[in-house]
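**Student:** Right, I'll just put the structure down here and ask away after.
No lab work stands behind these numbers, since they all come straight from the coordinates. The structure displayed is predicted, hence computed values, not measured ones. A quick note on method: Cβ atoms are made from the backbone with ideal geometry, for glycine too, and the neighbour counts reach across all protein chains shown.
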């Protein structure tokens, strides 16, 4: 498992968070609040702090707090507009059924929100909820596609999850007021894949272009594996194919290293 945290504006009285020290404190990812309902008085906090998060070593994410005050479609469009470029980011819907009657996002609104986010990004957002609501969502033909982000401050959740919010956690130098502590069920390689943050080189190699082939060829030559690739994969192996195979080998090595580090 990997440690992470989520925060909102109230955790940073100064209005600014510093994420650079988070890895030293043992954190690998962060999800910050971007929007609430269809208008949010603290959206500027997200606009100021998102670039800081994106520039840090953390795997980034953004979440929307659902409300009943407006339709799920409007809330999804508002969220995506504020977040902007969603590439390489975890996206989440915070679905909470507690609070004053009439303010809670309905199940129909949640469905509309998820449908729009999926249509616009081709990804299903994380569904943040209690263990009970996660179970209910799993019975829905649409919401069951959302990875579960379950809040349970006690024993391990009963439902499958990708992220588990375990409770309040201590802050660190960049966020001294404290955080909500989470764990990701997987390795760093799996977290990167989940967030859509594949290694940049792999994208170029898999692209159907001369530039991608040249990048692969350069890597094969630089590592001294050009001759070995031809011998291993046949004399007709292109630089493109050799590069793809090399990237796959490097990823397998990275995953093995992650496993070894987790056992220590």
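**Student:** Please give the contour-minus-distance gain from residue 138 to residue 42: 0.36 nm per residue of separation, less the Cα-Cα distance, rounded to one decimal in nm.
**Tutor:** Going from the current span to full extension adds 31.4 nm.
**Student:** List the pair-distance distribution P(r) of the range 1-131, using every Cα-Cα distance, as the percent of pairs falling in each 10 Å bin from 0 up to the bin containing the longest distance, rounded to whole percents.
**Tutor:** Histogramming the range 1-131 at 10 Å steps yields 13, 44, 34, 10, 0 percent.
**Student:** Pull up the DSSP beta bridges for the range 137-192 and report the antiparallel fraction as a percent, rounded to 5.
**Tutor:** If we restrict to bridges inside the range 137-192, about 70 percent are antiparallel.
**Student:** What's the ranking of 89-96, 148-155 by average number of surrounding C-beta atoms within 10 Å, highest first?
**Tutor:** Ranking, from highest mean packing down: 89-96, 148-155.
**Student:** Here's a follow-up. Could you give the length gained by full extension between residue 1 and residue 158, i.e. 0.36 nm per residue of separation minus their alpha carbon distance, to one decimal place?
**Tutor:** 54.8 nm
**Student:** Of the beta bridges DSSP finds with both residues in the range 2-194, what % are antiparallel, to the nearest 5?
**Tutor:** Here the share of antiparallel DSSP bridges comes out near 35 percent.
**Student:** Going highest first, how would you order 136-146, 67-77 by mean Cβ packing within 10 Å?
**Tutor:** 67-77, 136-146
**Student:** Mind jotting down the distance between the C-alpha centroids of the range 1-49 and the range 136-185, whole Å?
**Tutor:** Using only Cα atoms to place each centre, the spacing works out to 15 Å.
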